[in-house]
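The values are calculated or read from the model by the stated rules, or taken from the named source; none is laboratory data. In this text, all values refer to a predicted model and were calculated from it rather than measured experimentally. Cβ atoms come from the backbone with ideal geometry, glycine included; neighbour counts cover every protein chain shown.
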Amino acid sequence: MIVRRIFPGDRSFYHVFITCILILLDAGCTVKQEAGGTVSFNDDWKFIRPISSPDSPDSMLKLPDSHWESVTLPHTAKLEPLIVSGQQWTGICWYKKSFNASLDNKGRHIGILFGAAMQDATVWLNGRLISRHLGGYLPFYLDISDGIHFDSGNEILIRLDNRENTMIPPGKPLGELDFLYYGGIYRNASLIIKDQLHLTHPLEIDTLQGGGVMVNTDSISKEESVISISVSVRNQDQVRRFCGIEAVLKDRNNKLVATASSEIINIPSLTDIRIPLRMQVKNPDLWFPDSPSLYTLETRLIENEKCIETSDIRIGLRTISFTVQNRFSINNVPLEIRGTNRHQEYPYIGYALSDNAQYRDAWKIKNAGFNFVRSSHYPQSPAFLDACDELGILVMNSIPGWQYFGDSAFCELSYQNTCEMCRRDRNHPSVILWEASLNESVMPVDFMRKSHEIVHTELPFPDIYTCGWIDSVYDVFIPARQHSVPPYYWNNYPKAKPLFIAEYGSWEYYAQNAGFNQTEFTDLKPAERSSRQLRGYGERQLLQQAYNFQEAYNDILKGPSAGCSNWVMFDYNRGYASDIESSGIMDIFRLPKFAYWFYKSQADDDPVCFIASFNSAVSAQYVRVFSNGDSVVLYRNGILIGSQKPDCNPVDINLPHPPFTFRMPAFESGTLKAESYKQGKISAKHTVTTAGE
């Protein structure tokens, strides 16, 4: 059951309804066996959110199961209303799970991986405290080998606290924060069973570069690509072990394309090492956003000429560069980055989206004509990054942070977040920028320098780029458009440094005067000039939002930036305001506004023709059609209104595909039909019928 295969578009209310149901229910899929002895740990959890109770594990374990709710991960601690008008729920909740460990696994390495839990997790196994993890957006790995029972059942108990904590990034109190951090174990969990000699998980060991497999594309050409592979192996046995590594690369058709192997290596007891390999790939299929070719790298751990473990990861072969002269290039091919920002919440369930729902969000971003997304303002789901790899969406990966800088404990956790984000996400070809910067926060230079250095130490490759909103130590400067002033904003940026506009189109029309030069809209109230418009606000305000984004995007294209990402893809809730932040080009349910069609028309992926009108008695006198065609013909009730070439105004001249504007005669109810032409042939059509007709 894959949402992307069932529903290629939003064609009816039925599709939307069924998709929402899948999002809520899909997390409870059948346990799946994976390579390396990894099984889903999502099922059969018990959950309680006590109104008031003694805050101790003993008291919670004494509560009978009838007091607990049966749940499946991913799970949100509380279903929130659509509009979180008051402060979201914060507090303490508890999870527990009973499970058995077969005697066959005695003496093996056993671990549990939690994808994310918000945000202070204390864990007991069989009544014994084994871990406390601080942080709500990244995984944590528990080695439970020494505490597990093989002759009786096991019980894991987790106390989860998502109350405000200035020590844990983002740190800012919810009442002052521009997003929410919903409670719960809201990502997947896995049980991992391996030999004492095993391939490690990236977060299993806390040394430089952590564990796991690390891959880099060293060089590329049409004839050959060279990749370096570093494999972490751990020996938890009481005796030394001798092993080697074999690496096998397969293409999308499962065809073997390259191999590499190491010598047999002596690994002393209770140590871990990294084993390097190099691999040549002949006639490679390179990873581009328009053709995101992926390979499967199978890593095999060999002992006594037998394979004792395999691990599969998907990789893409690509190199990137940010330069002042060429802006951005991938595989030595210049590319203009056009993107958006994304918050990961969904109505009611908060952050607890299934993997299919994560894919659906990525698909909608790609389908809107974007080739880039910023993970504002925290690391997002591995399933979302997997989808970006598969669909060809470039990613700015961001540590948690927003307009707040804390004490030394906060800084240490932020450094830890940077390390863990690098280790978790380093093999995703989609990730091109590492935002080791606290968004819109005043940061000391020492903090920025250390965060920048952590990325380059964890990922010691030439095409790794850090970025930050302060023009300081980072490799790429990523201001928001509103961080400068009109009329030029960043178009006259003087430094010889790569520039990327990380946000635009919202704040400058909400709190600045970006829209007040729009003389044709002088009758609009300030709230109507804003880009913050709910989908239900009506035609006039949806047109204004689309116009604001068009104007800002057109202006940015004049300047020196390598690309830009608008604010924002989807509407979302936030802590400091009691309404939905409605700058999204899609609403919180992922339904499109007019601005969505403007952006879709700027790409050449698919033919686009969209009439930005409700065709009502109060519709605008001028009708805009968003299209990537050469010309558009408009009809009303079968009668020709006119044929237009693309607009050519100051707010259009830099756009790949300016809109088409038609002056309308007196209103008549019925049907508007637009036909878009490309090279003399109809490429796309759209009709709008007056409501009630």
*Could you grab me the full set of residues in the range 658-670 that are buried (at least 20 other Cβ atoms within 10 Å of the Cβ) and either over 21 Å from residue 609 (Cα atoms) or in contact with a strand residue (DSSP E or B) (Cβ under 7 Å, 6 or more places away or on another chain) (or both)?*
659, 660, 662
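A quick yes/no check of all residues on (1) under 8 Å from the mean Cα position of the chain (by Cα); (2) outside any loop (DSSP other than H, G, I, E, B):
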site	(1), (2)
365	no, yes
380	yes, no
383	no, yes
386	no, yes
390	no, yes
397	yes, yes
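Yes or no, residue by residue, for (1) assigned by TED's automatic domain parsing to the domain that holds residue 157; (2) at pLDDT 95 or above; (3) in a loop (DSSP other than H, G, I, E, B):
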| site | (1), (2), (3) |
| --- | --- |
| 60 | yes, no, no |
| 88 | yes, no, yes |
| 95 | yes, yes, no |
| 101 | yes, no, yes |
| 124 | yes, yes, no |
| 132 | yes, yes, no |
*Return the pairs, sorted by first residue and then second, in which the second residue is outside any loop (DSSP other than H, G, I, E, B), the first residue lies in the range 317-345 and is among the acidic types (Asp, Glu), the beta carbons are less than 7 Å apart, and the residues are 6+ apart or on different chains.*
336/563; 345/572
*Could you tell me which of the residues 284, 292 is crowded, with 17+ Cβ neighbours inside 10 Å and touching a helix residue (DSSP H, G or I) at 6+ places or on another chain (Cβ under 8 Å)?*
292
*So which strands (runs of 3 or more DSSP E) are wholly in the range 179-258 and hold at least 1 residues that are hydroxyl-bearing (Ser, Thr, Tyr) and touching a residue at least 24 places away in the same chain (Cβ under 8 Å)?*
189-194, 213-219, 224-235
*Yes or no: residue 318 assigned to a loop (DSSP other than H, G, I, E, B) and not hydrophobic (A, V, I, L, M, F, W, C)?*
yes
*Given the conditions (1) under 30 Å from residue 239 (Cβ atoms); (2) out of contact with any strand residue (DSSP E or B) (no Cβ under 6 Å at 6 or more places or on another chain), which single one is not true for residue 113?*
(2)
*Matching entry among 647, 630 (being charged (D, E, K, R) and out of contact with any Gly (no Cβ under 9 Å at 6 or more places or on another chain))*: 647
*Failed condition for residue 136, given (1) under 24 Å from the mean Cα position of the chain (by Cα); (2) in a strand (DSSP E or B), with all others met?*
(2)
*Would you check if there is a residue in the range 633-656 being surrounded by 22 or more Cβ atoms within 10 Å (Cβ to Cβ) and in contact with a Ser or Thr (Cβ under 6 Å, 6 or more places away or on another chain)?*
no
*Is it fair to say residue 206 is at pLDDT 95 or above, under 30 Å from residue 334 (Cβ atoms) and under 26 Å from the mean Cα position of the chain (by Cα)?*
no
_Being modelled with pLDDT under 95, over 30 Å from residue 83 (Cβ atoms) and either crowded, with 23+ Cβ neighbours inside 10 Å or not assigned by TED's automatic domain parsing to the domain that holds residue 130 (or both) is the requirement here; does residue 222 meet it?_
yes
